[in-house]
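Since every read-out is calculated from the coordinates, none of them should be taken as a lab result. Since we're looking at a predicted model, the values are computed, not measured. Glycine gets a Cβ as well: all are built from the backbone with ideal geometry, and neighbour counts include every protein chain shown.
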Amino acid sequence: MAHDHHSKDEKVIYVGDSRVKQGGKFVPPPDYSAYPGKSEAFIPNFLLKEWMVGCVVLIGFLALIIAHPSPLGYPADPNNSAFIPMPDWYFLFMYQLLKYPYLSEDYVVFGTVIIPGLLFGALTLAPFLDTGKERRFYKRPIASSLMLLSFAAVVYLTVVSWDHYQHELEINNIIPEHIERAEKLAAGEDVREEEEETVIPIVGQSEVGYEIYEASSCLSCHASGLEGQASFPPLLGIGDKYTEDELVDIMKNGIGTMPAQWDSNITNGLTEDELNTLAAWLATQKAPAEDAASAE
Amino acid sequence: MLKKMYNWIDERLDITPMWRDVADHEVPEHVNPAHHFSAFVYCFGGLTFFITILQILSGMFLTMYYVPDITNAYKSVDFLQHEVAFGVIVRGMHHWGASLVIVMMFLHTLRVFFTGSYKAPREMNWVVGMLIFMVMLGLGFTGYLLPWDNKAYFATKVGIQIAASVPLLGPYIETFLQGGSITGAQTLTRFFALHVFFLPGALFALLAGHFIMIRKQGISGPL
């Protein structure tokens, strides 16, 4: 190994067989003699000052956090069609672009690709577009005015978008969910209970009541698992709401928008006894007891 | 004792030049707010980094409680916000910090632009800075979905719809972001992975490049 013999001719001597040079005195980086004045060392002089600025920012930041807890609305519900979608504020200007004619629908490519592409592309390539030696902004009128113009446009679009959102909330009489939920929580309401989507299981699917259910007209609207569909409510847990007699009454006379079903089922070949058994079976559709649920 | 340990390590790894290079470089007068108050505009880059560090730390603590699945994501955020000790502060730091980091970064970009600091020989550092900007916007977009409330869900859904309307690439971007044909469980885990692993990884690499370049070239001179 060449490193094993340290001859005087060798200019660079390494530590053992490593690549670390031995005994080299550290050469400090060149100072900023090009900028005469009160330059100072980064550590500790300048960094301590920088940390002072950091502390001031941190205090302001923590005050903001304590004054405004971060928002949280209601759990995401994909079927919620009334919710007004809004991106975070720094995307609003691009979102607003898409609301103008010639930037949306047939021309949407202008709003999604061309304008944002030009904006970010030009910004990224700024050093290659603005190649002059001059650095002062007032001696670079084209670059500076384009930047000021884009900045003004971004601010304008953001403000318009936010105003529009506030207006929409007002005319639809909507309180943003995160505000509503925070108020309810502060008032001691149990919002989490409502958010809980408890699925009530079907009771006694092997019993004769279920066979009658399958043969009846109930099935076509309330579905084979009693889960209901579209605007037809589920029958799961119906026993918690109605007694057997009330269920018979609903079958005979209908309820709400549901028409009477008793007679049509008789004509379709079910007997009164069977329908009474069905009502008794439906009355057993109860949510599992709290204890049983929590013990699971 | 400490000095001996340091010498022992230095002898083997020659670490002195590494930290001396960071510590000993001179900071010129024209960027020092102690000498010229208007030089506070040169603080925005450092403050962006400071807020980024806060984001990383608060994010690390948030992942101790956050669960990226559609039934528990919301509940874990709610628990974090209302039950966990200081959870409201840590989540607050991450929520407001996300906005603040964009503000600081924007101010830093404007400072570099209006002082013409992006000009030769610093073109590459500007381009890397713009890439950092885009990664930050990506972090903002992916992080917005994670609380899984209506605001998060519908903003992401619309965002993905807009991305899907891009000609040619649109459907691919949609599948990539959504992880399926609907905005749902797959989207959430995907955004979580992007937000916590992929984008921060890219961010660290770009930040390292940004800092190595500024150290190598020095800060731009006075106007």
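Given a cut-off of under 8 Å on Cα pairs at least six residues apart, what relative contact order in percent is computed for segment B:32-217? Don't skip to the end; give the middle numbers.
Numbers: 156 pairs, mean separation 42.9, N = 186.
Normalised by residue count, the contact order of segment B:32-217 is 23 percent.
Give me, ordered by chain and number, the residues 5 or more places off residue A:40 or on other chains with an amide H under 5 Å from its own placed amide H.
Answer set, sorted by chain and number: B:27.
Among A:220, A:104, A:18, which one shows the highest mean-square fluctuation when chain A is modelled as a Gaussian network with alpha-carbon springs under 10 Å?
A:18
Consider just the alpha-carbon atoms of segment A:97-233 and return their Rg together with their Dmax, both in angstrom.
Here Rg and the maximum Cα pair distance are 29.1, 91 Å.
If neighbour count is taken as other Cβ atoms inside 10 Å, put B:8, A:281 in order from fewest to most.
On the way: B:8 10, A:281 21.
In increasing order of surrounding Cβ atoms, one gets B:8, A:281.
Give me B:187, B:48, A:131, A:158 ranked fewest to most by other Cβ atoms within 10 Å of their Cβ, as a rough exposure proxy. Could you put the intermediate results ahead of the total?
Values: B:187 21, B:48 24, A:131 10, A:158 18.
The order, fewest Cβ neighbours first, is A:131, A:158, B:187, B:48.
Per residue of B:69-78, count partner chain C-beta atoms within 10 Å of its C-beta, then hand back the mean as an integer.
Values: counts 0, 3, 2, 0, 2, 6, 4, 0, 3, 7.
That average works out to 3.
If you wrap a convex hull around the C-alpha atoms of segment A:154-296 and split its volume per residue, what is the figure in Å³? Mind dumping the intermediate values first?
On the way: hull volume 28.9 nm³, N = 143.
Taking only Cα atoms, segment A:154-296 has a hull volume of 202 Å³ per residue.
Which of the lysines could be linked to residue B:216 by a straight reach, that is with a Cα gap under 27 Å, when you skip same-chain ones fewer than 8 residues away?
Straight-line reach from residue B:216, under 27 Å: A:11, A:21, A:25, A:38, A:49, A:133, B:119.
Picking from A:22, A:285, A:166, which is most flexible by a Gaussian network model of chain A using Cα springs under 10 Å?
Maximum among the listed residues: A:22.
Please give, to one decimal in nm, the separation of the simple spin-label points placed at residue A:146 and residue A:258, each 7 Å out from Cα toward the Cβ.
6.8 nm
Quick one: go through segment A:67-96 and flag any residue whose amide nitrogen is under 18 Å from the point 7 Å out along the Cα-to-Cβ line of residue A:155.
Inside the label zone: A:89-94.
Using the beta-carbon distance between residue A:215 and residue A:79 and R0 = 35 Å, what value does 1/(1 + (r/R0)^6) give for FRET efficiency, to the nearest 0.05?
Approximately 0.65, to the nearest 0.05.
Evaluated at 10 °C with a viscosity of 1.306 mPa s, what Stokes-Einstein diffusion coefficient in µm²/s does segment B:32-217 have when Rh comes from the Kirkwood expression over alpha-carbon pairs? Kindly include the intermediate steps, with their values, before the conclusion.
Values: Rh = 18.1 Å.
Calculated translational D: 88 µm²/s.
Compute the length gained on full extension between residue A:227 and residue A:59: take 0.36 nm times their separation in residues and subtract their Cα-Cα distance, giving the result in nm to one decimal.
On the way: separation 168, 0.36 × 168 = 60.48 nm, distance 5.37 nm.
Full-extension gain reported as 55.1 nm.
For segment B:49-92 and segment A:125-158, what is the centre-to-centre distance using only Cα atoms, to the nearest Å?
Result: 39 Å between the Cα centres.
Tell me which lysines have Cα within less than 27 Å of residue B:75's Cα, excluding those fewer than 8 residues away on the same chain?
Candidates past the 8-residue exclusion: A:184, A:286, B:151, B:157.
Relative contact order, percent, of segment A:150-296 when contacts are C-alpha pairs under 8 Å separated by at least 6 residues?
On the way: 112 pairs, mean separation 34.1, N = 147.
With pairs under 8 Å counted, the relative contact order is 23 percent.
Work out the FRET efficiency for residue A:267 and residue A:199 from their Cβ-Cβ distance, taking R0 = 51 Å, and round it to the nearest 0.05.
On the way: r = 35 Å, r/R0 = 0.69.
Efficiency at R0 = 51 Å is approximately 0.90.
Toward the positive end of the charge dipole of segment B:32-217, about the Cα centre and with charges on Cβ (Lys, Arg +1; Asp, Glu -1), which of B:210, B:193, B:120 goes farthest?
B:120
Among A:43, A:102, A:284, whose Cα projects farthest towards the positive end of the dipole of the protein assembly as shown, with charges put on the beta-carbon of Lys, Arg (+1) and Asp, Glu (-1)?
Going by the charge dipole, the pick is A:43.
For residue A:243, what is the net charge nearby, where nearby means another residue's Cβ is under 15 Å from its Cβ and Lys, Arg count +1, Asp, Glu -1?
-2
Normalised by the residues of chain A, what does the relative contact order come to in percent, with Cα pairs under 8 Å and at least six apart? Don't skip to the answer; put the middle values down first.
Details: 192 pairs, mean separation 38.0, N = 296.
Once normalised by length, the contact order is 13 percent.
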